[in-house]
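Enquirer: Quick one: this structure, given as structure tokens, is what I'll be asking you about.
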Amino acid sequence: MMERIDSPRRGPGRPRRDERAATSESILAVAVGLFARHGFAAVSLRQIAEAAGVDVATVHHHTGGKAALYEACFGVVYEAERAALGPVLADARLALPDGADAVLPVLHRLVDTFVDFLEAHPENTGLWLRRWLDPAGHEGLDERYAAPLYDRVADVLAAADAAGILHEPAPHTAVRSLIWALHAHAVQVLHAGPDPDRQREARAFAHRWLRRMYGTA
């Protein structure tokens, strides 16, 4: 009779892989919220651990320390933003050969998608505003977690300008101007909660800005 071979047993107290992943996600979610509201310097690993329901050693084990955890928070919100905006940006690029009647509606859809994202993830805005209060610290975050998406939007505007679809001599500035106007709206959502009237106003402003800059859609 052959001896039955069972799957390896976990050692005492050793968490399963899915348990470890859940713990990491819980710590990250808590850290995103705390860093967004209070900034890097004002939040301790002990506070994060207490809010996540674990001990400080567990936070260290899963994150590698406070600076690494801080950067991981930007990675979380960046991946969520990329997932939301990426498909619309791809549509905008595909619409370029068909001219203004095809491109401008996609730009308006991109604005709606971005506003939806900010309202659903106001911690994104909080993280970036807090980070920019300390511009000398945490170098490289902008390049890794903001510029890639900003540049994709600017590239679409530049290509549309080159094709004569719209006039935009400064796409880099245009993108950041509108983005940060909408981030200002998201600050209110982060700290005071949703306000339907202000949400409608912010969305209407963004569409009005697009129409006045680039024409009707």
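The values are calculated or read from the model by the stated rules, or taken from the named source; none is laboratory data. Just so we're clear, the structure is a prediction, and the values are computed from it rather than from any experiment. Note that each Cβ is placed from the backbone with ideal geometry, even for glycine, and that neighbours are counted across all protein chains shown. For the accessible areas, the whole protein counts, side chains as well, though only heavy atoms, and no ligand, DNA or RNA atoms are used. Shrake-Rupley method; radii C 1.70, N 1.55, O 1.52, S 1.80 Å.
Enquirer: Suppose we filter the stretch 43-85 for residues that are in a helix (DSSP H, G or I) and free of Cβ contacts under 8 Å to residues at least 60 places away in the same chain; how many remain?
Expert: Total meeting the criteria: 26.
Enquirer: Of the residues that make up the stretch 139-151, is at least one buried (at least 16 other Cβ atoms within 10 Å of the Cβ), closer than 29 Å to R198 by Cβ and over 16 Å from the mean Cα position of the chain (by Cα)?
Expert: no
Enquirer: Also, I was wondering about something else. Somewhere in the stretch 160-181, is a residue under 20 Å from E81 (Cα atoms), in contact (Cβ under 8 Å) with a residue 40 or more places away in the chain and not aliphatic (A, V, I, L, M)?
Expert: Looking for residues that are under 20 Å from E81 (Cα atoms), in contact (Cβ under 8 Å) with a residue 40 or more places away in the chain and not aliphatic (A, V, I, L, M), one finds none in the stretch 160-181, hence no.
Enquirer: Report, by residue number, each residue of the stretch 182-200 that is in contact (Cβ under 8 Å) with a residue 12 or more places away in the chain, assigned to a helix (DSSP H, G or I) and open to solvent by 50 Å² or more (accessible area, probe 1.4 Å).
Expert: Here is the first cut: in the stretch 182-200, the residues in contact (Cβ under 8 Å) with a residue 12 or more places away in the chain are 182-183, 185-187, 189-191, 194, 198-199.
After this cut, where a residue has to be assigned to a helix (DSSP H, G or I) as well, the list is 182-183, 185-187, 189-191, 198-199.
Result: H191, R198.
Enquirer: In addition: In the stretch 138-154, which residue that is of a type outside the set (V, I, T) and in contact (Cβ under 8 Å) with a residue 60 or more places away in the chain is nearest to L94 (Cα to Cα)?
Expert: R152
Enquirer: Condition check: among the hydrophobic types (A, V, I, L, M, F, W, C), at pLDDT below 90 and either open to solvent by less than 40 Å² (accessible area, probe 1.4 Å) or within 22 Å of the chain's Cα centre (by Cα) (or both). Does A29 satisfy that? Give the steps one after another, and end with the answer.
Expert: On the way: among the hydrophobic types (A, V, I, L, M, F, W, C): yes; at pLDDT below 90: no; either open to solvent by less than 40 Å² (accessible area, probe 1.4 Å) or within 22 Å of the chain's Cα centre (by Cα) (or both): yes.
When the stated conditions are applied, A29 does not pass them.
Enquirer: Sort out which residues of the stretch 91-121 are within 21 Å of R144 (Cβ to Cβ) and either among the small types (G, A, S) or open to solvent by 20 Å² or more (accessible area, probe 1.4 Å) (or both), and write them in order of number. Even if it seems obvious, please write down each step before you answer.
Expert: Looking only at the stretch 91-121, we keep the residues that are within 21 Å of R144 (Cβ to Cβ), and these are 114, 117-118, 121.
Within the stretch 91-121, H121 is the sole residue that qualifies.
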